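The values are calculated or read from the model by the stated rules, or taken from the named source; none is laboratory data. Since this is a predicted model, take the numbers as computed values, not measurements. For neighbour counting, all protein chains shown are included, and Cβ atoms are generated from backbone atoms with ideal geometry for every residue, glycine included.
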Amino acid sequence: MQSLGSPGTLDVMNHSESVTTQLSTVEEWTKALAESSGSPGGGAGTGVMLSIAASLTSMVAGYTEAEKSQREQLSGVHSRAHELRQTALQLADDDASASNAFGAAFRLDPGPEREDAIHRASVHAAKASAVLGERAINAIEDLGWLASNGNPALIADVVVGFGALRAAIAGARTNVSFDLASLTSAGATLEEVREQHPQLWNTVSRLSDALDRIDELTAVVDKKAAPTEAL
């Protein structure tokens, strides 16, 4: 492992800071993700997974021909997925920025300044992940609608979309929970954290419920998506 002061590591850090999900190729972004720089990291990866889920939702919606009574609903699904694809990438970059601040806070020397920096960075990071998680929760039922009403030839794409969406929600849930727990490093107890940040605390439960909902929807279409499993 190279020291933080070595030229090679500085090159990695500078490169990762110039890489964004919105402007980089898949090769550039995943190369930066593979480096030991912390940004982009799992939080940004969560945003990318959400964008993939939104992209697949948009694709399936585009290939679906709905009855007249369902055309407005299909149009809404398609429109929301199209918008979410790009929004998710922005949220991924926001999370990468929050990750930088989080890491910088923990590198400070012990003392009041470090504790205050950890508190601010932890809350900011938790909020960034919570926003991403809420957008992922809102996308579940649109994909569920396509599982029942979308082009049946693309059911495998729907299931892949569920997988990507599940990864996004699981990532957001873990990140919010971990960031809240990090506040204990600044001297707070978990009970105090819950009382001080009830909305973020409740988000963890909402994301857990969302994972159960995705598993429920996936199980319903599994026989259609993977019929050989029934043999």
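Condition check ((1) acidic (Asp, Glu); (2) in contact with a strand residue (DSSP E or B) (Cβ under 9 Å, 6 or more places away or on another chain); (3) free of Cβ contacts under 8 Å to residues at least 12 places away in the same chain) across all residues:
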residue	(1), (2), (3)
His78	no, no, no
Gln90	no, no, no
Asp94	yes, no, no
Asn100	no, no, no
Ala105	no, no, no
Asp109	yes, no, yes
Glu115	yes, no, no
Ile118	no, no, no
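Screening the candidates Ala168, Ala164, Ala147, Ala172 for the property of being more than 21 Å from the chain's Cα centre (by Cα), crowded, with 19+ Cβ neighbours inside 10 Å and at pLDDT 95 or above yields one hit, Ala147.
Candidates are the residues of region 198-231 that are among the acidic types (Asp, Glu) and over 19 Å from the mean Cα position of the chain (by Cα); the one that is nearest to Leu132 (Cα to Cα) is Glu216. Yes or no: region 85-107 includes at least one residue that is on the phi > 0 side of the Ramachandran plot, surrounded by fewer than 19 Cβ atoms within 10 Å (Cβ to Cβ), modelled with pLDDT under 90 and out of contact with any helix residue (DSSP H, G or I) (no Cβ under 8 Å at 6 or more places or on another chain). No, the conditions are met nowhere in region 85-107. For region 1-48, the set of residues classified as modelled with pLDDT of 50 or more, in a helix (DSSP H, G or I) and among the polar types (S, T, N, Q) consists of Ser18, Thr30, Thr46, listed by residue number. Scan region 64-89 for residues that are assigned to a helix (DSSP H, G or I) and in contact with a Gly (Cβ under 8 Å, 6 or more places away or on another chain) and the total you get is 3. Tell me whether region 199-208 contains one or more residues that are among the small types (Gly, Ala, Ser) and either touching a Leu at 6+ places or on another chain (Cβ under 9 Å) or surrounded by 15 or more Cβ atoms within 10 Å (Cβ to Cβ) (or both). Checked against the condition, which is being among the small types (Gly, Ala, Ser) and either touching a Leu at 6+ places or on another chain (Cβ under 9 Å) or surrounded by 15 or more Cβ atoms within 10 Å (Cβ to Cβ) (or both), region 199-208 yields no hits at all.
Within region 175-202, take every residue that is among the hydroxyl-bearing types (Ser, Thr, Tyr), without any contact (Cβ under 8 Å) to a residue 40 or more places away in the chain and in a helix (DSSP H, G or I) and give me the one that is farthest from Val48 (Cα to Cα). Only one residue fits best here, namely Thr184.
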